[in-house]
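Input: a single structure, listed below in structure tokens.
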Amino acid sequence: MTDLYRPGDHYKICDVCGFKVRASETKKRWDGMIVCLPDWEPRHPQDFVRGKVDKQTVTDPRPEPEDVFVTTPVTADDL
Ligand SMILES: [Zn+2]
């Protein structure tokens, strides 16, 4: 790499690999890092996944019936 002067094309240090590259060969990533072109990558699509509302209600609910107690003494006719 020659360090020749090019007007408007200064050097930058890649935030990922640390190499010195021309400004025209760098790109800003989604996370704000200025990287060389081989180190540039788009934001992963899984970062945009949002949760879905989970409907946990019971369909067609009914109230609990009254308890039925067996009176004492229990005879064969109660069963
Ligand atoms: Zn790099």
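The values are calculated or read from the model by the stated rules, or taken from the named source; none is laboratory data. Given the structure is predicted, the values throughout are model-derived calculations rather than measurements. Glycine also receives a Cβ, built like all others from the backbone with ideal geometry; neighbour counts cover every protein chain displayed. Heads up: the accessible areas ignore ligands, DNA and RNA and are worked out on the full protein's heavy atoms, side chains in. Shrake-Rupley method; radii C 1.70, N 1.55, O 1.52, S 1.80 Å.
Annotations
- The chain - percent relative contact order, Cα under 8 Å, separation 6 or more: 16
- Size of charge dipole - the chain - debye, nearest 20, with Cβ of Lys, Arg +1 and Asp, Glu -1, no other charges: 1280
- Accessible area (Å², per residue) of region 1-47, counting only protein heavy atoms and a probe of 1.4 Å: 78
- Cα point-scatterer Debye curve for the chain, base-10 log of I(q)/I(0) at q = 0.13, 0.16, 0.23 Å⁻¹: -0.68, -0.79, -1.07
- Heavy-atom accessible surface of region 8-49: percent carbon and sulfur, 1.4 Å: 58
- Partner lysines for K12 [C-alpha distance under 20 Å; skip if fewer than 8 residues away on the same chain]: K20, K27, K28
- Whole-Hz couplings from phi, Karplus 6.51/-1.76/1.60, listed for region 3-9; x for Gly and Pro: 8, 6, 6, 10, x, x, 10
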